[in-house]
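Participant: The structure's right below; bear with me while I get my questions together.
The values are calculated or read from the model by the stated rules, or taken from the named source; none is laboratory data. Worth saying up front: this structure is predicted, and the values here are computed from it rather than measured. For neighbour counting, all protein chains shown are included, and Cβ atoms are generated from backbone atoms with ideal geometry for every residue, glycine included.
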Amino acid sequence: MPHRPPDADRPAWVGSAAPPAVSVVVNTYNRAASLRLTLDGLSRLDYPCFEVVVVNGPSTDDTEAVLTDYQGRIKTAQCLERNLSRSRNVGIALAAAPIVAFIDDDAYPDPAWLDHLAAAYGDDEVAGAGGPVYDHTGAEFQTRYIISNRVGGSILTYETNPSAWINVPGARSFGRLIGTNSSFRRDRLIEIGGFDEEFEYFLDETDVCLRLIDAGYVIRQLDDGLVYHKFLPSDIRGETRVARDRYAVLKNTCYFALKNARAGSSFFDLCAGLADFVEAQRGDILGNIEMGFLAPCDLDKFEADVPRAFDAGWQHFLAGGPKTRSAAWFDQRQQPFVPFPIRRVSAQRLHVALISQDYPPGLLGGIGRITHILATGLAEAGHVVRVLTTGAGHNRVDLEDGVWVHRIVATSHPAPGLVEVPQALWDHAASVLDELHRIDRDRPIDVVQAPNWDAEGLAVVLDGSLRCVLGLYTPMKTVQRIDSRLAADPVAGQIAELERICYLRADSLLADSQAVVAEIETEYGVALSAGRLEVCHLGLPDRAAGVALGAVTAGVVIAFMGRLERRKGIDTLLDCLPSLLDLNPGVSVVLAGRDDIPAPGGLSYRAAFEASADGQRLADRVHFLGAVSDEQQDQIYAQCDIVVVPSRFESFGLIALEAMMFAKPIVSCDVGGIREIIEHGDSALLVAPGDADALGEALAALCRDPDLRQRLGHRGRAVYDERFTARLMVDRINRYYDRLTDRRTARVGT
């Protein structure tokens, strides 16, 4: 199938000998956590030649600590007043590059942001350029193109870029940039005196754009060069992102109009325009009061502020003109260029999209856990990584731990026609495909990886336009074989047949074990050709170090982790416990995992056991914990003495790997991928699946022999370090993606 080359749709300058240097200015105040995210986002840019200047306002939080962490990589300065225009002038002064770009401290850029901005300066007439801005959802535009007038009003347009016809000196309407995604030629900014410091915020960049246009230059609004603006709460707006305090907005609008509108309109029209602006603000406040976002007292404050703010705007205008800076002021403060290190050059970056219904935060299954580890590992290595997962309420896109997380709310889609698909499953899969196409239009995707579970990648496989890797985990037919509840379930049967289509039509197959390959071939009667297939064992980050321990339980503690269902062998374990605990008085058992899944009799395994005579007799020694957090799970691993994995099938065996990480001996059933990571007598004792007597005997042997427990546990930890760390897994899969894409991106020596 055709796949676009990785450099498709890149700006024209890419590949030239000398891209123009850029100084990125971040003006910050009391947003330490967000500032760190902004700086991290800048480190993930493609652009090879830029510096970062951070101007800190009178912050009282941990901003200085963040700046200290970046010492040597960024320039810093202070602005002792809450005045954004003054802070920006300080940033311009320190900047050493011919282009100065601005981004807010509650925003982060798309990786190609500076590529697109810098490409706009091939025309010498262009004095400023900026791109679209996503709002706090990351999925809807805050602004795309903006047309403003000389009274300070603006309209947003999303269809047609107006840059070609609104750069006319003296015109009543003009195009302007939004501050969080704006850039300018440094010499042109200095030529007009920089930002007018009368604008402590609001209309500051609008005024700069207008002055540059009136000086005969062009402001170019771009179709690309994206910024994600999270629009965080501040002292003027709350969690609802609605402004409570509009004094500065009113004062600056009055000042802006008096400064810029007198020449092109009558004083009457100027005053009428300001009156219209006030009425629009009043209507906005009333609407937000009705929705519960503002209180009546906010309207009272606004009404009191209107005359006071307009008086101040008038007085500041009469006081003698704009508060700009001289060229000498800027030149005296300029500092040498300090290149900001990026994580990886563009040519060596993969663009990977991972599909998983589960993703943090929240409790995770195995696929969600591995997706998170792989995504963050590849992102840490400098690749552009996206996870497409389920959302709620509305679509969202956020940068989390270096990963672009797209939380998608499924919308209705027509059935594919070729196959019968449960509607909810298809709506999710097709909505994911829509988002993939949107992403791919902005930046070609190298690899899409989707799990076989729930046929999540079905729409991608059927579409065929994107290179799709199908991750192979426990298949539905295996679950049906083991769980009688699902054997005759028509929906489960449909999903199994959809899996078959994915096995046959996916571009590539990535299995976590040889065992799952054999299982799929047997259950589905298909041959997974070696040419499409890769087996890559999984790995986990080391969570054993630094686990905070509570009181350690006396005696020997056996731990079970996982859903309490037949596939995980919970029935086998519960069957062996009465005899095991009767013969070993110092032993207790903890069972952590979802425990409300119905058993064949209708009750859950937990409810059935607790209602039994044995369950009531052993209630103080068998502890059902239900679903637990990762932190609680780690504490259980750290405090227990033995981990039991009685599963009837495991495509790989993450629970066993976690036990090995914590140097815990394992008693496991000899099934699936388990035998590919542990050997009987080496780091675990293996027994036949479903054999309660054999499971009980193996557990008893370990309960009675502390030396054997220690030997098996230590060996398990050694095997984990040698073969199953997260770094090793990420590197293996990185190299696999390289082979698929004919690229060389894996780090040498990892």
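Listed here are the residues, each with its yes/no results for (1) closer than 21 Å to S651 by Cα; (2) in the same structural domain as L618 (by TED's automatic domain parsing); (3) surrounded by fewer than 22 Cβ atoms within 10 Å (Cβ to Cβ).
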{"residue": "R481", "(1), (2), (3)": "yes, no, yes"}
{"residue": "D512", "(1), (2), (3)": "yes, no, no"}
{"residue": "E519", "(1), (2), (3)": "yes, no, no"}
{"residue": "P541", "(1), (2), (3)": "yes, no, yes"}
{"residue": "T572", "(1), (2), (3)": "yes, yes, no"}
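Participant: Of all helices (runs of 4 or more DSSP H) completely enclosed by region 604-720, which ones contain at least 2 residues that are closer than 15 Å to A559 by Cβ and in contact (Cβ under 8 Å) with a residue 60 or more places away in the chain?
Facilitator: 630-639, 654-661, 692-704
Participant: Looking at this structure, is V645 under 15 Å from L695 (Cβ atoms), in the same structural domain as R715 (by TED's automatic domain parsing) and in contact with a Leu (Cβ under 8 Å, 6 or more places away or on another chain)?
Facilitator: So V645 fails the test.
Participant: List pairs: first residue in region 283-296 and assigned by TED's automatic domain parsing to the domain that holds R241, second residue in a loop (DSSP other than H, G, I, E, B) and of a type in the set (V, I, T) anywhere in the structure, Cβ distance under 7 angstrom, at least six positions apart or on different chains.
Facilitator: Correct list of pairs: N288/V242; F293/T240; F293/V242; L294/V242.
Participant: Let me ask something additional. Which count do you get for residues in region 616-671 that are among the aromatic types (F, W, Y) and closer than 18 Å to I570 by Cβ?
Facilitator: Final tally of qualifying residues: 2.
Participant: Next question, about the same structure. Residues that are hydroxyl-bearing (S, T, Y): which strands (runs of 3 or more DSSP E) entirely in region 287-400 hold 2 or more of them?
Facilitator: It comes to 384-390.
Participant: What is the number of the single condition among (1) assigned to a helix (DSSP H, G or I); (2) under 22 Å from D104 (Cα atoms); (3) of a type outside the set (D, E, K, R) that F231 does not meet?
Facilitator: For F231, the exception is condition (1).
Participant: Scanning for something aromatic (F, W, Y), over 16 Å from Y217 (Cβ atoms) and under 32 Å from the mean Cα position of the chain (by Cα), does region 149-161 turn up at least one residue?
Facilitator: yes
Participant: Give region 124-143 a look and list any residue that's closer than 28 Å to E191 by Cα and surrounded by fewer than 20 Cβ atoms within 10 Å (Cβ to Cβ), or say none.
Facilitator: Residues satisfying the conditions are D124, E125.
Participant: In the set G464, G417, G493, which member is surrounded by fewer than 23 Cβ atoms within 10 Å (Cβ to Cβ) and free of Cβ contacts under 8 Å to residues at least 12 places away in the same chain?
Facilitator: On inspection, the qualifying residue turns out to be G417.
Participant: Still on this structure, I have one more. From the set of residues in region 441-471 that are in a loop (DSSP other than H, G, I, E, B) and either outside the structural domain of H383 (by TED's automatic domain parsing) or acidic (D, E) (or both), which is nearest to S412 (Cα to Cα)?
Facilitator: In this case the residue turns out to be E456.
Participant: Checking S579 against (1) under 30 Å from G362 (Cα atoms); (2) in contact (Cβ under 8 Å) with a residue 40 or more places away in the chain; (3) of a type in the set (S, T, Y), which test does it fail?
Facilitator: It is condition (1) that S579 fails.
Participant: Still on this structure, please answer the following. Can you tell me which residue is farthest from A684 (Cα to Cα) among those in region 637-655 that are aliphatic (A, V, I, L, M) and modelled with pLDDT under 95?
Facilitator: So, considering only residues that are aliphatic (A, V, I, L, M) and modelled with pLDDT under 95, the one farthest from A684 (Cα to Cα) is A638.
Participant: Sort out which residues of region 490-508 are over 15 Å from A455 (Cβ atoms) and of a type in the set (D, E, K, R), and write them in order of number.
Facilitator: Residue satisfying the conditions is D507 alone.
Participant: Let me ask something else about it. Test of understanding: among P58, P48, which residue is closer than 21 Å to R349 by Cβ and either hydrophobic (A, V, I, L, M, F, W, C) or part of a loop (DSSP other than H, G, I, E, B) (or both)?
Facilitator: Being closer than 21 Å to R349 by Cβ and either hydrophobic (A, V, I, L, M, F, W, C) or part of a loop (DSSP other than H, G, I, E, B) (or both) holds for just one of P58, P48, which is P48.
Participant: Going through region 698-750 one residue at a time, which ones are among the hydrophobic types (A, V, I, L, M, F, W, C) and within 22 Å of A379 (Cα to Cα)?
Facilitator: Correct list: F724, A726, L728, M729, V730, I733, L740, A746, V748.
Participant: Answer yes if at least one residue in region 422-440 is part of a loop (DSSP other than H, G, I, E, B), modelled with pLDDT of 95 or more and either hydrophobic (A, V, I, L, M, F, W, C) or under 15 Å from the mean Cα position of the chain (by Cα) (or both), and no otherwise.
Facilitator: no
Participant: Residues in region 144-187 that are surrounded by 22 or more Cβ atoms within 10 Å (Cβ to Cβ), among the aromatic types (F, W, Y) and more than 26 Å from A275 (Cα to Cα): how many?
Facilitator: Result for region 144-187: 1.
Participant: Regarding region 677-689, can at least one residue be identified that is crowded, with 17+ Cβ neighbours inside 10 Å and of a type in the set (D, E, K, R)?
Facilitator: Within region 677-689, not a single residue is crowded, with 17+ Cβ neighbours inside 10 Å and of a type in the set (D, E, K, R).
Conditions (1) without any contact (Cβ under 8 Å) to a residue 24 or more places away in the chain; (2) touching a helix residue (DSSP H, G or I) at 6+ places or on another chain (Cβ under 7 Å), marked per residue:
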residue: H428; (1), (2): no, no
residue: L436; (1), (2): no, yes
residue: Q480; (1), (2): yes, yes
residue: E497; (1), (2): no, no
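Participant: Could I ask something else about it? Enumerate the strands (runs of 3 or more DSSP E) found wholly within region 77-179, keeping only those where 1 or more residues are more than 22 Å from H229 (Cα to Cα) and aliphatic (A, V, I, L, M).
Facilitator: 126-130
Participant: Hey, another quick one. Before we move on, is D401 free of Cβ contacts under 8 Å to residues at least 24 places away in the same chain and assigned by TED's automatic domain parsing to the domain that holds I355?
Facilitator: no
Participant: Looking at region 309-333 only, could you name the residues that are exposed (fewer than 14 other Cβ atoms within 10 Å of the Cβ) and in contact with a helix residue (DSSP H, G or I) (Cβ under 6 Å, 6 or more places away or on another chain)?
Facilitator: The one that is exposed (fewer than 14 other Cβ atoms within 10 Å of the Cβ) and in contact with a helix residue (DSSP H, G or I) (Cβ under 6 Å, 6 or more places away or on another chain): A327.
Quick grid of which residues meet (1) more than 24 Å from the chain's Cα centre (by Cα); (2) surrounded by fewer than 23 Cβ atoms within 10 Å (Cβ to Cβ); (3) more than 20 Å from R333 (Cβ to Cβ); (4) among the hydroxyl-bearing types (S, T, Y):
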{"position": "T60", "(1), (2), (3), (4)": "yes, yes, yes, yes"}
{"position": "N83", "(1), (2), (3), (4)": "yes, yes, no, no"}
{"position": "G91", "(1), (2), (3), (4)": "yes, no, no, no"}
{"position": "W113", "(1), (2), (3), (4)": "no, no, yes, no"}
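Participant: Quick check on A410: is it in a loop (DSSP other than H, G, I, E, B), more than 24 Å from L462 (Cβ to Cβ), without any contact (Cβ under 8 Å) to a residue 40 or more places away in the chain and not β-branched (V, I, T)?
Facilitator: No, not satisfied.
Participant: Just wondering, is there one or more residues in region 380-402 that are buried (at least 22 other Cβ atoms within 10 Å of the Cβ) and either touching a Cys at 6+ places or on another chain (Cβ under 7 Å) or basic (K, R) (or both)?
Facilitator: Yes - at least one qualifying residue is present in region 380-402.
Participant: Residue by residue through region 152-174, note down the ones that are touching a Phe, Trp or Tyr at 6+ places or on another chain (Cβ under 7 Å) and either at pLDDT 95 or above or among the small types (G, A, S) (or both).
Facilitator: G152, G153
Participant: Scan (1) crowded, with 22+ Cβ neighbours inside 10 Å; (2) in a loop (DSSP other than H, G, I, E, B) for the single condition L577 breaks and write down its number.
Facilitator: The single condition L577 does not satisfy is (2).
Participant: Right, here's the next one. Tell me, please, whether a residue that is within 32 Å of the chain's Cα centre (by Cα) and of a type in the set (D, E) can be found in region 601-616.
Facilitator: no
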